[in-house]
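> Below is a structure I'd like to ask you about.
The values are calculated or read from the model by the stated rules, or taken from the named source; none is laboratory data. Just so it is clear, the structure is predicted and the values come from calculations on it, not from any experiment. Virtual Cβ from ideal backbone geometry, glycine too; neighbours counted across all protein chains shown. Quick note on the areas: whole protein, heavy atoms, side chains included, nothing else; ligands and nucleic acids left out. Shrake-Rupley method; radii C 1.70, N 1.55, O 1.52, S 1.80 Å.
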Amino acid sequence: MEFQDNIPIYQQIQKYLYRQIALGLIKPGEKIPSVRHLAVELTVNVNTVQRALNEMNNEGILEVRRGLGSFVTNDINLITKKRQELIKDTMSEFLESTRQLGLTPEETLKELKNYIEKRGEN
Amino acid sequence: MSENLELENVSYKKNRQEILKNINLKIGKGKIVALLGENGAGKTTLMRIISGLAKNYHGIVKVNGEQDVVQRKANLSMTDALKGLLESYTIEQVKNFFLSLYSDFDIEEFEKLKDFMKLNDEMKLSQLSRGMKQKLEIALTLSRKTNLYLLDEPFSGIDVMARKRIINSILLWKDPDATIIISDHFVNEISSILDEIVIIKDKTIYRHLSADDVRAEGKSIDQYYEALYEDGGTE
(Lines give C-alpha, C1' and ligand atoms only; values in the text may rest on other atoms or scores of the structure.)
Protein backbone atom coordinates (compact mmCIF):
# COMPACT_ATOMS: atom_id res chain seq x y z
CA MET A 1 0.00 0.00 0.00
CA GLU A 2 1.23 3.49 -0.88
CA PHE A 3 0.78 6.05 1.85
CA GLN A 4 0.23 9.74 1.37
CA ASP A 5 3.12 11.40 3.06
CA ASN A 6 1.21 14.38 4.47
CA ILE A 7 -1.55 12.56 6.35
CA PRO A 8 -0.90 10.72 9.63
CA ILE A 9 -0.16 7.08 8.79
CA TYR A 10 -2.35 5.72 11.58
CA GLN A 11 -5.37 7.46 10.03
CA GLN A 12 -4.56 5.95 6.65
CA ILE A 13 -4.33 2.49 8.20
CA GLN A 14 -7.73 3.05 9.82
CA LYS A 15 -9.21 4.01 6.48
CA TYR A 16 -7.65 0.99 4.80
CA LEU A 17 -9.20 -1.34 7.39
CA TYR A 18 -12.58 0.43 7.23
CA ARG A 19 -12.64 -0.21 3.50
CA GLN A 20 -11.83 -3.87 3.98
CA ILE A 21 -14.64 -4.14 6.52
CA ALA A 22 -17.11 -2.08 4.46
CA LEU A 23 -16.41 -4.24 1.40
CA GLY A 24 -16.92 -7.38 3.45
CA LEU A 25 -13.35 -8.58 2.85
CA ILE A 26 -13.14 -8.86 6.60
CA LYS A 27 -16.49 -10.08 7.97
CA PRO A 28 -18.34 -9.07 11.15
CA GLY A 29 -16.94 -10.99 14.10
CA GLU A 30 -13.87 -12.04 12.13
CA LYS A 31 -10.35 -11.71 13.46
CA ILE A 32 -8.15 -9.21 11.63
CA PRO A 33 -4.49 -10.02 10.85
CA SER A 34 -2.01 -9.60 13.70
CA VAL A 35 -0.33 -6.26 14.38
CA ARG A 36 3.01 -7.62 13.22
CA HIS A 37 1.47 -9.06 10.06
CA LEU A 38 -0.23 -5.77 9.19
CA ALA A 39 2.96 -3.83 9.94
CA VAL A 40 4.98 -5.91 7.49
CA GLU A 41 2.22 -6.01 4.87
CA LEU A 42 1.78 -2.23 4.94
CA THR A 43 5.47 -1.40 5.67
CA VAL A 44 4.71 0.62 8.76
CA ASN A 45 5.83 0.08 12.30
CA VAL A 46 3.89 -1.88 14.89
CA ASN A 47 3.29 1.14 17.13
CA THR A 48 1.51 2.92 14.28
CA VAL A 49 -0.67 -0.14 13.57
CA GLN A 50 -1.41 -0.44 17.28
CA ARG A 51 -2.49 3.19 17.42
CA ALA A 52 -4.86 2.70 14.46
CA LEU A 53 -6.36 -0.40 16.12
CA ASN A 54 -6.76 1.41 19.43
CA GLU A 55 -8.64 4.25 17.73
CA MET A 56 -10.92 1.72 16.03
CA ASN A 57 -11.39 -0.07 19.33
CA ASN A 58 -12.50 3.24 20.89
CA GLU A 59 -15.01 3.70 18.08
CA GLY A 60 -16.37 0.22 18.64
CA ILE A 61 -15.60 -1.04 15.12
CA LEU A 62 -12.93 -3.36 16.50
CA GLU A 63 -12.69 -5.22 19.72
CA VAL A 64 -9.09 -5.61 20.88
CA ARG A 65 -8.89 -8.70 23.09
CA ARG A 66 -5.70 -8.93 25.09
CA GLY A 67 -3.54 -11.78 23.89
CA LEU A 68 -6.11 -12.95 21.34
CA GLY A 69 -5.99 -10.24 18.71
CA SER A 70 -8.51 -7.81 17.28
CA PHE A 71 -11.97 -8.73 16.06
CA VAL A 72 -14.44 -6.86 13.87
CA THR A 73 -17.63 -5.94 15.70
CA ASN A 74 -20.76 -8.04 15.21
CA ASP A 75 -22.79 -4.85 15.29
CA ILE A 76 -23.98 -4.64 11.65
CA ASN A 77 -25.60 -1.24 12.25
CA LEU A 78 -22.28 0.21 13.32
CA ILE A 79 -20.58 -1.17 10.20
CA THR A 80 -23.32 0.22 7.98
CA LYS A 81 -23.00 3.58 9.69
CA LYS A 82 -19.23 3.55 9.16
CA ARG A 83 -19.74 2.69 5.50
CA GLN A 84 -22.12 5.64 5.14
CA GLU A 85 -19.48 7.88 6.73
CA LEU A 86 -16.88 6.68 4.22
CA ILE A 87 -19.26 7.38 1.34
CA LYS A 88 -20.00 10.82 2.75
CA ASP A 89 -16.28 11.60 3.10
CA THR A 90 -15.60 10.51 -0.47
CA MET A 91 -18.48 12.62 -1.77
CA SER A 92 -17.37 15.68 0.13
CA GLU A 93 -13.79 15.32 -1.15
CA PHE A 94 -15.16 14.94 -4.68
CA LEU A 95 -17.42 18.00 -4.39
CA GLU A 96 -14.54 20.01 -2.98
CA SER A 97 -12.36 19.20 -5.98
CA THR A 98 -15.10 20.04 -8.49
CA ARG A 99 -15.79 23.26 -6.57
CA GLN A 100 -12.17 24.19 -7.17
CA LEU A 101 -12.89 23.77 -10.87
CA GLY A 102 -15.69 26.30 -10.55
CA LEU A 103 -18.58 23.82 -10.65
CA THR A 104 -21.68 24.14 -8.46
CA PRO A 105 -23.02 20.88 -6.94
CA GLU A 106 -25.83 20.89 -9.55
CA GLU A 107 -23.36 21.30 -12.40
CA THR A 108 -21.21 18.58 -10.88
CA LEU A 109 -24.17 16.23 -10.83
CA LYS A 110 -24.92 16.99 -14.48
CA GLU A 111 -21.29 16.47 -15.49
CA LEU A 112 -21.15 13.25 -13.51
CA LYS A 113 -24.30 11.84 -15.13
CA ASN A 114 -22.99 12.82 -18.52
CA TYR A 115 -19.65 11.18 -17.78
CA ILE A 116 -21.18 7.93 -16.54
CA GLU A 117 -23.47 7.67 -19.59
CA LYS A 118 -20.65 8.28 -22.05
CA ARG A 119 -18.13 6.16 -20.27
CA GLY A 120 -19.41 2.94 -21.81
CA GLU A 121 -19.07 4.28 -25.35
CA ASN A 122 -15.30 4.13 -25.58
CA MET B 1 11.94 2.92 33.57
CA SER B 2 10.65 3.25 30.04
CA GLU B 3 13.53 5.01 28.31
CA ASN B 4 15.96 3.00 26.20
CA LEU B 5 18.15 6.01 25.64
CA GLU B 6 18.71 9.13 27.71
CA LEU B 7 21.12 11.98 27.05
CA GLU B 8 21.47 14.85 29.47
CA ASN B 9 23.36 18.03 28.67
CA VAL B 10 25.80 16.26 26.42
CA SER B 11 28.43 18.32 24.65
CA TYR B 12 31.45 17.31 22.61
CA LYS B 13 34.51 19.09 21.31
CA LYS B 14 37.16 17.87 18.95
CA ASN B 15 40.42 19.79 18.51
CA ARG B 16 38.84 22.63 20.49
CA GLN B 17 36.07 22.81 17.92
CA GLU B 18 32.58 22.51 19.32
CA ILE B 19 30.77 19.67 17.50
CA LEU B 20 27.69 19.15 19.68
CA LYS B 21 26.27 21.13 22.61
CA ASN B 22 23.38 20.92 25.10
CA ILE B 23 22.11 17.63 23.78
CA ASN B 24 19.06 16.47 25.74
CA LEU B 25 17.23 13.51 24.36
CA LYS B 26 14.98 10.72 25.61
CA ILE B 27 13.87 7.84 23.43
CA GLY B 28 11.35 5.31 24.71
CA LYS B 29 11.17 1.54 24.32
CA GLY B 30 10.14 0.08 20.99
CA LYS B 31 10.48 3.27 18.97
CA ILE B 32 11.83 3.62 15.46
CA VAL B 33 13.43 7.03 15.20
CA ALA B 34 15.09 8.92 12.35
CA LEU B 35 18.08 11.05 13.20
CA LEU B 36 18.19 13.75 10.57
CA GLY B 37 20.75 16.39 9.74
CA GLU B 38 22.98 17.67 6.98
CA ASN B 39 26.29 16.01 6.25
CA GLY B 40 28.63 17.07 9.01
CA ALA B 41 25.82 18.03 11.38
CA GLY B 42 27.10 15.53 13.95
CA LYS B 43 24.83 12.50 13.46
CA THR B 44 27.65 9.97 13.41
CA THR B 45 29.40 11.74 16.28
CA LEU B 46 26.23 11.52 18.36
CA MET B 47 25.96 7.79 17.65
CA ARG B 48 29.62 7.33 18.54
CA ILE B 49 29.07 9.16 21.83
CA ILE B 50 26.07 6.95 22.63
CA SER B 51 27.98 3.77 21.76
CA GLY B 52 31.00 4.81 23.81
CA LEU B 53 33.36 5.02 20.82
CA ALA B 54 33.75 8.79 21.16
CA LYS B 55 35.20 9.64 24.53
CA ASN B 56 35.82 12.91 26.34
CA TYR B 57 32.29 14.21 26.00
CA HIS B 58 30.57 16.07 28.80
CA GLY B 59 27.19 15.16 30.20
CA ILE B 60 25.26 12.00 30.93
CA VAL B 61 24.55 9.15 28.53
CA LYS B 62 22.36 6.24 29.58
CA VAL B 63 21.45 3.19 27.52
CA ASN B 64 18.77 1.07 29.14
CA GLY B 65 19.47 3.01 32.34
CA GLU B 66 23.19 2.17 32.29
CA GLN B 67 25.87 4.86 32.22
CA ASP B 68 28.90 2.60 32.30
CA VAL B 69 30.51 2.27 28.86
CA VAL B 70 30.92 -1.51 29.02
CA GLN B 71 27.28 -1.93 30.04
CA ARG B 72 26.22 0.47 27.32
CA LYS B 73 28.11 -1.47 24.68
CA ALA B 74 26.43 -4.65 25.86
CA ASN B 75 23.03 -3.00 25.50
CA LEU B 76 23.42 -1.63 21.99
CA SER B 77 24.36 -2.71 18.51
CA MET B 78 25.77 -0.28 15.93
CA THR B 79 26.45 -0.58 12.21
CA ASP B 80 30.18 -0.04 12.29
CA ALA B 81 30.62 -3.75 12.55
CA LEU B 82 32.96 -4.39 9.63
CA LYS B 83 35.52 -1.79 10.62
CA GLY B 84 38.88 -3.35 11.28
CA LEU B 85 38.02 -6.77 9.83
CA LEU B 86 40.35 -8.28 7.25
CA GLU B 87 39.15 -8.04 3.66
CA SER B 88 40.18 -11.67 3.14
CA TYR B 89 37.58 -12.83 5.68
CA THR B 90 34.64 -14.80 4.38
CA ILE B 91 31.16 -14.11 5.67
CA GLU B 92 31.41 -17.37 7.60
CA GLN B 93 34.56 -16.17 9.35
CA VAL B 94 32.91 -12.85 10.16
CA LYS B 95 29.93 -14.75 11.55
CA ASN B 96 32.17 -16.89 13.78
CA PHE B 97 34.01 -13.80 14.93
CA PHE B 98 30.73 -12.19 16.00
CA LEU B 99 29.62 -15.39 17.66
CA SER B 100 32.74 -15.40 19.81
CA LEU B 101 32.58 -11.67 20.52
CA TYR B 102 28.93 -11.18 21.47
CA SER B 103 27.01 -13.50 23.77
CA ASP B 104 23.73 -12.04 22.46
CA PHE B 105 24.55 -12.84 18.83
CA ASP B 106 21.70 -14.97 17.53
CA ILE B 107 23.06 -17.29 14.87
CA GLU B 108 19.64 -18.44 13.64
CA GLU B 109 18.57 -14.85 13.22
CA PHE B 110 21.73 -14.11 11.31
CA GLU B 111 21.22 -17.09 8.98
CA LYS B 112 17.69 -15.89 8.24
CA LEU B 113 18.78 -12.33 7.61
CA LYS B 114 21.71 -13.53 5.51
CA ASP B 115 19.39 -15.54 3.24
CA PHE B 116 16.94 -12.68 3.15
CA MET B 117 19.70 -10.32 2.02
CA LYS B 118 20.89 -12.91 -0.53
CA LEU B 119 24.34 -13.25 1.00
CA ASN B 120 26.18 -16.53 1.50
CA ASP B 121 28.94 -17.92 3.73
CA GLU B 122 31.58 -18.33 1.01
CA MET B 123 31.60 -14.69 -0.07
CA LYS B 124 34.73 -12.77 0.88
CA LEU B 125 34.52 -9.21 2.17
CA SER B 126 36.85 -8.07 -0.62
CA GLN B 127 34.38 -9.35 -3.23
CA LEU B 128 31.37 -7.56 -1.81
CA SER B 129 29.97 -4.44 -3.44
CA ARG B 130 29.24 -1.46 -1.26
CA GLY B 131 25.56 -2.34 -1.13
CA MET B 132 26.28 -5.95 -0.15
CA LYS B 133 28.65 -4.83 2.59
CA GLN B 134 25.97 -2.52 3.86
CA LYS B 135 23.50 -5.42 3.91
CA LEU B 136 25.99 -7.61 5.76
CA GLU B 137 26.52 -4.86 8.35
CA ILE B 138 22.80 -4.56 8.87
CA ALA B 139 22.38 -8.34 9.16
CA LEU B 140 25.18 -8.48 11.74
CA THR B 141 23.84 -5.48 13.65
CA LEU B 142 20.27 -6.75 13.82
CA SER B 143 21.32 -10.29 14.75
CA ARG B 144 22.31 -9.19 18.21
CA LYS B 145 19.46 -9.39 20.70
CA THR B 146 19.73 -6.07 22.38
CA ASN B 147 17.82 -2.95 23.42
CA LEU B 148 19.14 -0.29 21.13
CA TYR B 149 20.19 -0.41 17.49
CA LEU B 150 22.11 2.46 15.93
CA LEU B 151 22.01 2.34 12.13
CA ASP B 152 24.29 5.00 10.70
CA GLU B 153 23.13 5.92 7.20
CA PRO B 154 22.30 2.30 6.40
CA PHE B 155 20.80 3.14 3.02
CA SER B 156 23.54 5.19 1.41
CA GLY B 157 24.65 3.52 -1.79
CA ILE B 158 21.89 0.92 -1.69
CA ASP B 159 19.38 0.53 -4.50
CA VAL B 160 15.66 0.93 -3.92
CA MET B 161 14.81 -2.79 -3.92
CA ALA B 162 17.50 -3.54 -1.39
CA ARG B 163 16.27 -0.69 0.79
CA LYS B 164 12.83 -2.21 0.80
CA ARG B 165 14.29 -5.57 1.79
CA ILE B 166 16.21 -3.99 4.62
CA ILE B 167 13.18 -2.05 5.84
CA ASN B 168 11.09 -5.23 5.75
CA SER B 169 13.76 -7.12 7.64
CA ILE B 170 13.74 -4.44 10.32
CA LEU B 171 9.97 -4.70 10.68
CA LEU B 172 10.02 -8.49 10.69
CA TRP B 173 12.81 -9.07 13.14
CA LYS B 174 12.62 -6.16 15.52
CA ASP B 175 11.85 -7.14 19.08
CA PRO B 176 8.80 -5.11 20.22
CA ASP B 177 10.75 -3.42 23.03
CA ALA B 178 13.88 -2.68 21.03
CA THR B 179 14.56 0.86 19.90
CA ILE B 180 16.07 1.66 16.52
CA ILE B 181 17.73 4.91 15.57
CA ILE B 182 18.41 5.41 11.88
CA SER B 183 20.47 8.36 10.70
CA ASP B 184 20.11 9.83 7.25
CA HIS B 185 19.87 13.14 5.42
CA PHE B 186 16.45 12.40 3.97
CA VAL B 187 13.77 9.94 4.99
CA ASN B 188 11.65 9.33 1.91
CA GLU B 189 11.46 5.53 1.76
CA ILE B 190 11.63 4.93 5.48
CA SER B 191 9.19 7.63 6.55
CA SER B 192 6.25 5.22 6.83
CA ILE B 193 8.00 3.13 9.49
CA LEU B 194 9.00 6.02 11.76
CA ASP B 195 7.56 6.84 15.17
CA GLU B 196 9.62 9.94 15.79
CA ILE B 197 12.11 12.24 14.15
CA VAL B 198 15.07 13.97 15.73
CA ILE B 199 16.70 16.80 13.79
CA ILE B 200 20.25 17.93 14.52
CA LYS B 201 20.96 21.49 13.51
CA ASP B 202 23.13 24.26 14.92
CA LYS B 203 25.10 21.60 16.84
CA THR B 204 22.18 20.55 18.96
CA ILE B 205 18.80 18.76 18.96
CA TYR B 206 16.80 21.29 16.98
CA ARG B 207 13.53 19.35 16.88
CA HIS B 208 12.25 16.09 18.35
CA LEU B 209 8.68 15.17 17.47
CA SER B 210 6.27 12.45 16.45
CA ALA B 211 6.21 11.59 12.74
CA ASP B 212 2.41 11.56 12.61
CA ASP B 213 2.28 14.99 14.31
CA VAL B 214 4.29 16.37 11.40
CA ARG B 215 1.88 14.77 8.92
CA ALA B 216 -1.11 16.09 10.89
CA GLU B 217 0.11 19.55 9.85
CA GLY B 218 -0.28 18.44 6.23
CA LYS B 219 3.45 18.17 5.59
CA SER B 220 5.62 15.24 4.63
CA ILE B 221 8.60 14.69 6.88
CA ASP B 222 11.04 15.63 4.13
CA GLN B 223 9.09 18.83 3.44
CA TYR B 224 9.10 19.69 7.12
CA TYR B 225 12.79 18.98 7.43
CA GLU B 226 13.75 20.93 4.32
CA ALA B 227 11.62 23.90 5.42
CA LEU B 228 13.69 24.16 8.60
CA TYR B 229 16.69 24.96 6.46
CA GLU B 230 14.87 27.32 4.13
CA ASP B 231 13.35 29.39 6.95
CA GLY B 232 16.69 31.10 7.45
CA GLY B 233 18.89 28.88 9.54
CA THR B 234 21.93 30.42 11.16
CA GLU B 235 24.09 29.65 8.15
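> Can you give the angle from 0 to 90° between the axis of helix B:91-101 and the longest principal axis of chain B, with both taken from C-alpha atoms, to the nearest 10?
70 degrees
> Relative to 2.2 N^0.38 Å, what does the C-alpha radius of gyration of region B:78-145 come to as a ratio? Two decimals please. Walk me through the numbers before you get to the answer.
Numbers: Rg = 10.6 Å, N = 68, 2.2 N^0.38 = 10.9 Å.
Compared with the compact-globule rule of thumb, region B:78-145 sits at 0.97.
> Still on this model: For region A:77-119, which semi-axes, largest first and in whole Å, follow from the square roots of 5 times the eigenvalues of its Cα gyration tensor? Show your work: numbers first, answer last.
On the way: eigenvalues 118, 37, 9 Å².
The three semi-axes for region A:77-119 are 24, 14, 7 Å.
> List the residues, sorted by chain then number, that are 5 or more residues from B:M78 or on another chain and whose placed amide H is less than 5 Å from its amide H.
B:L150
> How far, in degrees from 0 to 90, does helix B:107-116 lean away from the longest principal axis of the Cα atoms of chain B, to the nearest 10?
In chain B, helix B:107-116 runs at an angle near 80 degrees to the longest axis.
> Quick one: Cα centre-to-centre distance for region B:53-109 and region A:60-122, in angstrom?
52 Å
> Under the rule of at least 5 residues apart or a separate chain, name every residue whose amide H is placed under 5 Å from the amide H of B:G28.
The list, which skips near neighbours in sequence, is B:N4.
> If you don't mind, another one. Cross-link candidates for A:K31: which lysines have Cα within less than 22 Å, leaving aside residues fewer than 8 places away along the same chain?
Output for A:K31: A:K15, A:K81, A:K82.
> May I ask you to give the average projected area over all directions of the convex hull of the Cα atoms of the protein assembly as shown, in nm² rounded to one decimal? Spell out each step's value before the answer.
Numbers: hull surface 96.8 nm².
That works out to 24.2 nm², a quarter of the Cα hull's surface.
> HN-Hα J couplings of region B:21-28 from phi, Karplus 6.51/-1.76/1.60, θ = phi - 60°, integer Hz, Gly and Pro as x?
9, 6, 7, 10, 7, 10, 10, x
> Right, something else. Return the sequence-ordered ³J(HN,Hα) values of region B:164-175 in whole Hz as given by the Karplus equation 6.51 cos²θ - 1.76 cosθ + 1.60 applied to θ = phi - 60°, using x for Gly and Pro.
3J(HN,Hα) across region B:164-175, in whole Hz: 4, 4, 5, 4, 4, 5, 4, 5, 6, 9, 6, 5.
> Moving on to the next point. When averaged across all projection directions, what area in nm² does the alpha-carbon convex hull of region A:29-122 cover? If you can, show how the numbers build up before the last one.
Details: hull surface 37.9 nm².
In nm², the orientation-averaged hull projection of region A:29-122 is 9.5.
> Please compute the alpha carbon radius of gyration of region B:167-233, then divide it by the globular-protein estimate 2.2 N^0.38 Å. Two decimals is fine. Don't skip to the answer; put the middle values down first.
On the way: Rg = 13.0 Å, N = 67, 2.2 N^0.38 = 10.9 Å.
Against the empirical 2.2 N^0.38 Å value, I get 1.19 for region B:167-233.
> If you don't mind, there's one more thing I want to ask. Of all the accessible heavy-atom surface of region B:102-186, with the other protein chains kept in place and a 1.4 Å probe, what percent is carbon and sulfur? The partial results should precede the final answer.
Values: 1740 of 3480 Å².
So the carbon and sulfur contribution to the accessible surface is 50 percent.
> Residue by residue, what Karplus-based ³J(HN,Hα) values in Hz, rounded to whole numbers, does region B:220-230 have, using 6.51, -1.76 and 1.60 with θ = phi - 60° and x for Gly and Pro?
Each residue's phi maps through the Karplus curve to give 7, 5, 4, 4, 4, 5, 5, 4, 4, 7, 6 Hz.
> Now for a separate question. All other residues with a Cβ under 9 Å from the Cβ of B:I32 taken together, and with Lys, Arg as +1 and Asp, Glu as -1, what is their net charge?
Details: positive: B:K31, B:K174; negative: B:D195, B:E196.
Summing Lys/Arg as +1 and Asp/Glu as -1 gives 0.
> Where the centre of each part is set by its Cα atoms, how far does region B:156-235 sit from region A:1-55, in angstrom?
So the two Cα centres are separated by 21 Å.
> Only bridges whose two residues both fall in the protein assembly as shown count here: according to DSSP, what percent of them are antiparallel, nearest 5? Please list the in-between numbers first.
Details: 27 of 44 bridges.
Taking every DSSP beta bridge within the protein assembly as shown, about 60 percent pair in antiparallel fashion.
> Moving on to the next point. Output the residues of region B:150-191 meeting this criterion: accessible area (heavy atoms, 1.4 Å probe) in the chain alone minus accessible area with all protein chains in place is 50 Å² or greater.
B:L171
> Sticking with this structure for a sec: Pick from B:L148, B:L136, B:L99: which residue has the top mean-square fluctuation in a GNM of chain B where Cα pairs under 10 Å get a spring?
In the Gaussian network model the winner is B:L99.
> Now for a different question. Return the long-range amide H neighbours of B:D175 (sequence gap of 5 or more, or a different chain), with a cut-off of under 5 Å between placed amide H atoms.
Sorted by chain and number, the residues that satisfy this come to none at all.
> Within region A:38-111, report the trypsin sites (Lys or Arg not before Pro) that DSSP leaves as loop and that have at most 16 other Cβ atoms within 10 Å.
Values: sites: A:R51, A:R65, A:R66, A:K81, A:K82, A:R83, A:K88, A:R99, A:K110; in loops: A:R66.
Here the trypsin sites (Lys or Arg not before Pro) that fit, given the DSSP loop and packing criteria, are A:R66.
> Another question, if that's okay. Tell me the angle of helix A:76-99 to the major Cα principal axis of chain A, expressed in degrees between 0 and 90 and rounded to the nearest ten.
The angle comes out at about 40 degrees.
> Moving to a separate point now. Over chain B, average the accessible area per residue using a 1.4 Å probe and give it in Å², no decimals. It would help to have the intermediate numbers written out before the result.
Working: 10900 Å² over 235 residues.
With all protein chains present, chain B gives 46 Å² per residue.
> Another one. Which order do A:F71, B:F110, A:F94 take by accessible area at a 1.4 Å probe, largest first?
A:F94, A:F71, B:F110
> Which whole number gives the average count of other chain Cβ atoms within 10 Å of the Cβ atoms across peptide A:1-13?
That works out to 5 on average.
> Under Stokes-Einstein, with the Kirkwood radius over Cα pairs standing in for Rh, what whole-number D in µm²/s applies to chain B at 4 °C and 1.567 mPa s? Can you show the working numbers first?
On the way: Rh = 18.4 Å.
For these conditions, the coefficient is 70 µm²/s.
> Run lengths n ≥ 4 of DSSP H only: what is the helix-derived mean residue ellipticity at 222 nm for chain A, with -39500 (n - 2.57) per run over all residues, to the nearest 500? Numbers along the way, then the final one.
Numbers: 5 runs with 75 residues, N = 122.
Helices in chain A give a 222 nm mean residue ellipticity of -20000 deg cm²/dmol.
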